[in-house]
1. Does B:Arg576 count as at the interface with chain A (Cβ under 7 Å from one of its Cβ atoms) and either surrounded by 18 or more Cβ atoms within 10 Å (Cβ to Cβ) or at pLDDT 85 or above (or both)?
2. If you take the residues of region A:466-506 that are touching a Leu at 6+ places or on another chain (Cβ under 7 Å) and either basic (Lys, Arg) or in a helix (DSSP H, G or I) (or both), which of them is surrounded by the most Cβ atoms within 10 Å (Cβ to Cβ)?
3. Would you call A:Tyr256 surrounded by fewer than 22 Cβ atoms within 10 Å (Cβ to Cβ), of a type in the set (Phe, Trp, Tyr), assigned to a helix (DSSP H, G or I) and at the interface with another protein chain (Cβ under 7 Å from one of its Cβ atoms)?
4. From A:Trp336, A:Trp327, grab the single residue that is part of a helix (DSSP H, G or I) and in contact with a Lys or Arg (Cβ under 9 Å, 6 or more places away or on another chain).
5. When the residues of region A:411-433 are narrowed to those that are within 11 Å of chain B (Cβ to nearest Cβ) and buried (at least 21 other Cβ atoms within 10 Å of the Cβ), which ends up farthest from A:Ser565 (Cα to Cα)?
6. Could you tell me whether any residue of region B:297-316 is touching a Leu at 6+ places or on another chain (Cβ under 6 Å), within 12 Å of chain A (Cβ to nearest Cβ) and of a type outside the set (Phe, Trp, Tyr)?
7. Among the residues of region B:450-503, which ones are closer than 17 Å to B:Val424 by Cα, away from chain A (no Cβ under 13 Å) and in contact with an Asp or Glu (Cβ under 6 Å, 6 or more places away or on another chain)?
8. Any idea which of B:Ala570, B:Ala521 is more than 30 Å from B:Ala419 (Cα to Cα), in contact with a Gly (Cβ under 9 Å, 6 or more places away or on another chain) and either crowded, with 19+ Cβ neighbours inside 10 Å or modelled with pLDDT under 85 (or both)?
Amino acid sequence: MTTSSRAPSSASTGAPAEPVDELPRALPSMWRLVRLGYESEPRLIVTAFVLALLSALPDALVALWLALLGRGALDGDGRMVLLAALALGVSAVLTWFLRVVSTRTQRRFRDRVSIALERHVARLQASVETVAHQERPEYLDRLSVLRDQVFVLDHLYMSLFSTAGWVLRLGATVALLMSVDPVLALLALFALPTVLTSGWRPGVERVARERGAQAERLARHLYAASTTASSAKELRVLGVGERLAARRRASWEQSYALVARARWVSAVWHTLGWTVFGLGYVGAVVFVASGLHASASAVLLVLASGGRLSGYIGATVGEIGFLRGIWLDGSRRLVWLEQYAAAQVTGDRPAPDRLEQGIRLEGVTFTYPGASRPALEDVDLFLPAGAVVAVVGENGAGKSTLVKLLAQMYAPTAGRILVDEQPLASFAPGAWRARMAGAFQDFYRFELAAQQSVGVGDLPHLDDRDASTAAVRRAGADDVVERLEAGLDTQLGPSWRDGVDLSFGQWQKLALARGFMREDPLLLVLDEPTAALDAETEHALFERYADAATTGSLGESGRILLLVSHRFSTVRMADLIVVMDGSRVTEVGSHDELMARAGQYASLYETQASSYR
Amino acid sequence: MLKRFLARQEMVFFTALPRADARLGTLWWVLVVLRSALPAVLALTTGAVVAAVQDERPLTASLTALGVVFVLTQVVTPLHQAVGENLGLRVAAWLYDRLTDACVRPPGIGHLEDPELAADMAMAREFDSGVAGPPMEVALPFIAVGLVDFGSGLGSTVVLSGLAWWAPLLLGGAWFATHWLLRESAVWRDRNTDEVRDASKHADYAYRMAVDPPSAKELRMFGLADWTVDRFTARRRRLHELQAAATRLRERPLALSLATVVLANLVVFGYLGVQLSGGDLSLGRAVVFAQVAVGTSLLAFGGLNWALDGAAAPTAAVLRLEAATARAGALQRTGDRPADGLPAREIRFRDVGFGYPRSGRRVFEGLDLTIPAGGSLAIVGQNGAGKTTLAKLLCRLYDPDSGAIEVDGVDLRDLDVAAWRSRVAAVFQDFVRFELTLRENVAPDGAADDDVRAALADAGADGLADLDTPLSKQYDGGVDLSGGQWQRVALARALCAVRRGAGLVLLDEPTAQLDVRGEAAIFERVLAATRGVTTVLVSHRFSTVRKVDRICVVERGRVVEIGSHDELMAAGGRYRTMFDLQAERFADPTLAEVDEEGTVYDHLE
C-alpha cells in the first residue's frame, strides 16, 4: 500500500529514482552484533548465555523423573521412587531459581549493552559529515527503526538466548521420546502444520495492517489535530471538534476491521494446526500403550514429554520467527549504517585562517540523491572576500541548497567549489565548518537552558555568559532573554520541568544568537533570518550589518556574509545580489546595477516596494 | 475500603476492559479462567490414562478425555492471544476516544495551554506509542500470561489437597511467599521520581538531537556530534545506575526464598515418594499429585506483572485527565442568547484585563477598543504584545479576567458559544492542515461545492487540485502543498465561512508564508471578498496593514494609538516610527527612475 501511494510521485517526476543499495546479509549482520555485544560486555554476555542454557534443562527433565517414578513404583524399588520424587521437587525449584537469576542477568546485560549500542548508533548517525541520510526518504525510512526503536538491537540477544534454550529443551525431549522407541521422533512431524501456520500468521497480519495503513494514518492525524493546542483554536471556531472525533473513530474502525479479521482467520487455521498435533499425540500414546504394550512408566514418559514437545516446538518456531521477522532486521540496518558511514570520504586539510580572494563556484550542479531534477544547475558564481552577498529567488529556486553545499553537507554532483582557489572538498568538513557560523531557515529548537541553547553555537564557550550575552545582543534577542524569568538560566521548551515555551519569532532570535556565537567566522550564513521578526528588530539587525560592511569591520578576516532572503528591503543593502530562478543563477550585481537592468530583480523589488508608497 | 480498592489503577484498568468492548472483554476473562483450569485437569486425565495402562483396562475413555483436554489446552492459547491483541486495540481506541473527547469538548482551550497540565497531557497523548510501556495490543497478552500462570498455580493447589490437607498450604504458601520475599528487587518503585524522569528525558532528548533530521544541519555546522553523544551516554548511565541500585537482587532475600521453596518441595515430594513406595498411593494418583505439585510453582511466576503496570498507569492517567481538562477548559459561564446577525453595530472591549492561567504575566490591563461593524481593523504591535491573544478572546477561547467584551451591547459571555463562533471565521498563523480532501479543508463542516470553489477562487487557490484530492501524498491520489499553497487553502476556509454568512473575520498573520508576488495580490482579493464584513487583521507587515480602514497599535496590554493609516502617519507616533522603519529601505531615488520607465505596479496603489 505504501508503495502504491508513492507511485504517483515517482511517475510525475519522470525518470525512475536511483535504487537504494540493499541491506547487508542477515547472518553476518547478526554475527557483527554478537561481536559488538561481546566487545562492550564480555563477561555479562557469556554469563547470560550460559544461564539461559542451564535454565532450559530442569523443566525438560521433569518427564524423565516422572517416568523413573513410575518405573520405581512398578518395580517396587522404594529408593528409586523416593529419589525420583525428590528430583521432581528439585527440578521445580531449579526451574524457578535459574529463571529468576537468568532474567536479572539478562536485564542487566541488556541495559548495559543497549547504552553501548545506542551510543554507537547515535555516534554513527551524528558523525556522518553529509546529511543525505537525514534528508533522503529512502534512507530515513531505513534508519527510522534505529532512531526510534534501538531496543530491536538488544532484543536480538535475548531472542538468540531464548532460541538456544528452546532448541536445547526440544533436543532433550526428542531424545527422551526416542529412548522409548525411535519411531516416536516422528511425533515432531505432527507439529509441522503449527510451524507452518505460525510462520504464515505474521505475514497475513502485516498485509492487513498495510491495507489499513491509510485509514490508521488518518485516525492518527485526526487524533493529533484534536488534541493539540495549535489546532484547538480553529476546531472551536469551526465547531467541528466532535465531528472530527467521530471521524477519527470511524477511520480507526476501518483499519481495525481489516486487522481483526485477518487475526481471527489466521487464529482459526492455527487452531486447526494444533488439533492435528493433538491427534498425533493421542496416536503416539495409543501406539506405545497398545502397539508396543509398553509399561505404564514408558506411557508416562510419552505422556509427559510428548505434551511438552508441542510447547517447545511452538516456542522454538515462534522465537525463530521473531528473530527473522523483527530482530535480525535491526542488525542488518545497523551494519548498513556502519558501512554507509565508513564509505564517506572527506578531505582532511585544515581550514584557511582568512579569506584572501573569496569563494568561487565553477559549473556547480547538484541533484539530491533520488531526485530526478537538479536543485542547482551549472552555477558559476564568485563571492568576493569581505562582501555582503544576498541570495534572492522564489521558493525552490535552490537558495538553501546553495547554503548546504557551502557548508559541505552535500558535495556537488558536478563542478566544484573553490575557497581561495583551493577545492572546498579538500578541507576536513569539521575544520571548515568551525570557520562558519549562521542560522538556518528550519533551525532547531535546542531545548536546553537558554545559555546553552545559544552557547552550542560555539562549543568551547558553551557556558560562557559573556560570550552568549554578546551573541544575544548581536541578534537583537535581548528582549527575548529579558522576558525569561531566570534569564539565560531558564530552561526552554514547555515539556520540561519549569520549562518555558517561546513563540516562533523568539526561537528564531535565539537561533540567530546561536549563529552569532562564533567570533570570527570566514563565512556567515543567514538563511531567511527575518521571517518572524518585527519591524524594529529587523531594522536594527540589518543596519548593523550594513554598517559593519561599509566600515570594513567584516573585512579583517575576509569574512563573507551570505544572506538568503526574499525580503527585498533587506536584500538591497548587500554588496552583491544573486538572483536565482528554477535552480539557476539568472542575475548577479549590486542593487543599483540590477535595478538599472530592469530585469527579474527590478520587477520583484517593485512589487514589494510599491505597497509602502 | 472497597472504594479505595476500585480506585487502584489496576482495577481502573480491568474495569475499563468491558467498557471498551463488552464481548471481547468478557471472552478474554472466560479464557483466562479456562486456561487456568486446564493444566490441573490435564494432570488428572494423564493420571487416569496411566492408571488404565497399569491396571490393563481399556484405554478408550481415559484417552478420549486426555485427547480432548490436550487439544483444548493447545488451541485455547493462540485463541486467547488473538482475543487479547484485538481487545488491546479496542481498549486503546476507547482511550483515544476518551482523550479526544476530553480535549475537544471543553468550550475554552485553557486545558491545552495550561503549563501545569502540559506534562500529564504529553504523557497521556503518547499512551499507546510504546514509550511508557508496550502498546495495549502487546500488553494484554502479556498480562494474560501472568494471570493464567497464577491461576494455573491455584488450580494445581486445589488438586494437590487430595494428597494431604496440608500439602497445598505448605507448597502453595512457599511459592507464593517468594513474591513477598523478593518484592524489593522485583519492581523499580522509585522510577517516577523527578531525578529518574529528568535523567530519562534528558537522555532521550540528547539521543534525538544526535539522530533526528531537524537538528542535523546545526549539529554539523556547530560540530556538536560528540558533545550530544556524550551528553546522552552520561545521562543513560546515570539512569542505569539508579535502576540497578533500586532493583539489585539482594542476596539474603534470595537465599531465604530458596531455602523456603527447597524445604517445602522436599517435604511434599518426599511425602509423595514415601506414600507411593509404601503402597498407600496408587501410581495413577501419584502421577496426578506429582504433576500438580510441580504445577504449583507457577504461583511464583504468575501474578500482576510489569505489563499490567505499563498498561494500567497510562489508562488511569487518561481517565484522570477528563476531570482536569473539563475544569481547565471551562469558560466563566455559558449564556444562551442567539447571535444571529451579530455584530450589527460594534464589538467593544471594555476595560479588559487578561493573563493566561498560571502564566503569572498579564497580557492586557485596561484594554479599551471599539471595532465598528462592517469595517476592517488592523492590530499591530511588537512580538508578544498580545495581538493573537486578542483574536483568541474574540473567538471566546478564553474569557477576560476583568472587564467585558460586548457585541452590540451584549456581553459575549451571555451569548451561546457555538452560535457566536458560527458567526466568526478565522485564519490563525498556525492554521490546521487537515490531511483530508481539499473540499473538507475548505469546508470542514460541509458546504455546497459552488461555495467551496468560489472561496478557493477568492483566495487565489483555484486550480490547486480537484475538490476530492486528499491534501497529503501519504494517501492514495493525494498531493502535497507548499507552505504558500496551504496558506491560500486556510484563507479559503475563512472566506467560505464568510460566504455562508459569518459576520466577523479574524486574520492572524494571514500572508506570512506567501512569497513576494503572492502577498500583495492575495491580500487585495481577501479584502475585496470580505468587504462589508467586520474584519480584524493581525500583522506586522505594514504593506498589508495600511490597506485596512483603521489601525490600532497595541503596546504593554493597551491600545496606544488608533486611526486610519493617513491619520496615524500624520500623528507621527508609534505607528509612524514602525512604518518608516520598514519603508525606509524602499524610499530610494532609484525607485523614481524605475518609475519613469513605467514598470508594473500602479494597479496596486
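1. no
2. The extreme case among them is A:Ser468.
3. The answer is yes for A:Tyr256.
4. Result of the check over A:Trp336, A:Trp327: A:Trp336.
5. Residue satisfying both the conditions and the ranking: A:Pro429.
6. No - not one qualifying residue is present in region B:297-316.
7. Matches in region B:450-503: B:Leu495, B:Arg499.
8. After applying the criteria, what remains is B:Ala521.
The values are calculated or read from the model by the stated rules, or taken from the named source; none is laboratory data. Computed from a prediction, not measured in an experiment: that's the story for all the values here. Cβ coordinates were reconstructed from backbone atoms using ideal geometry, including for glycine residues, and neighbour counts include every protein chain displayed.
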